[in-house]
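Below is one structure, written out as structure tokens, with a few remarks after it.
No value in this document is a laboratory result; all are computed from the given coordinates. Keep in mind that what you see is a predicted model, and the values were worked out from it rather than measured. Because the Cβ atoms are built from the backbone with ideal geometry, glycine has one as well, and the counts that use them run over all protein chains shown.
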Amino acid sequence: MPEVSIDALSARVGEEIGRSGWITIDQPTVDAFADATGDRQFIHIDPAAAAMTPFGGTIAHGFLLLSLMPRLSVDADLPRPAGLAMIVNYGGERTRFITPVRTGARVRARFTLQALEQKRPGQWQQTTTYTLEIEGEDKPAVVADWISLLVTI
């Protein structure tokens, strides 16, 4: 990950700061998420029953797609402030599940820096828009404004 000064990162507010590569959302991943969360609704885990719905097959859980944010942010090689000790999730302002992701589809994330505010010396609150795109689709799967606390030393 490229290391930048806080000032250089702050200068990028309003800009896309990273884009991940494509990953495939396969049925074993969806099944594992269903097992981990207990969300075993048929549209996620039963290909035959899901084929009878308007989706035409199984779809990924919305929360699975949201939970890919850390994995995809690492792949996107997002800029990190110099002296970063840790990043802590603080919460979200807005999350929308816009387009279902069918199993077998490929997705990637785009990250846009919306705000970077110093809260106290060495602590910065960062708001980033996470947009999860689906290969070949016009509309994204997920759009979420995510807040993180950056702690520098």
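So the values come out like this:
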{"quantity": "Mean residue ellipticity (222 nm) of the chain, computed from DSSP H runs ≥ 4 via -39,500 (n - 2.57), nearest 500", "calculated": "-5500 deg cm²/dmol"}
{"quantity": "Nearest-ten-degree value, helix 27-37 long axis tilted from longest Cα axis of the chain", "calculated": "70 degrees"}
{"quantity": "Cα principal axis extents for the chain, largest first, Å", "calculated": "55, 30, 24"}
{"quantity": "Kirkwood Rh in Å, taken over all unlike Cα pairs in the stretch 98-153", "calculated": "12.8 Å"}
{"quantity": "Label-to-label distance, nm, for residues given as R12 and E137 (7 Å Cα→Cβ offset)", "calculated": "2.6 nm"}
{"quantity": "Largest to smallest principal axis extent of the C-alpha atoms in the stretch 24-112, angstrom", "calculated": "52, 24, 23"}
{"quantity": "Sparsely packed GluC sites (Glu not before Pro) within the stretch 1-105, loop by DSSP, other Cβ within 10 Å at most 16", "calculated": "E15"}
{"quantity": "Rg to Rh quotient for the stretch 68-116, alpha carbon positions, Kirkwood Rh", "calculated": "1.00"}
{"quantity": "Loop trypsin sites (Lys or Arg not before Pro), the stretch 16-97, which have at most 15 other Cβ atoms in a 10 Å radius of their Cβ (DSSP)", "calculated": "R40"}
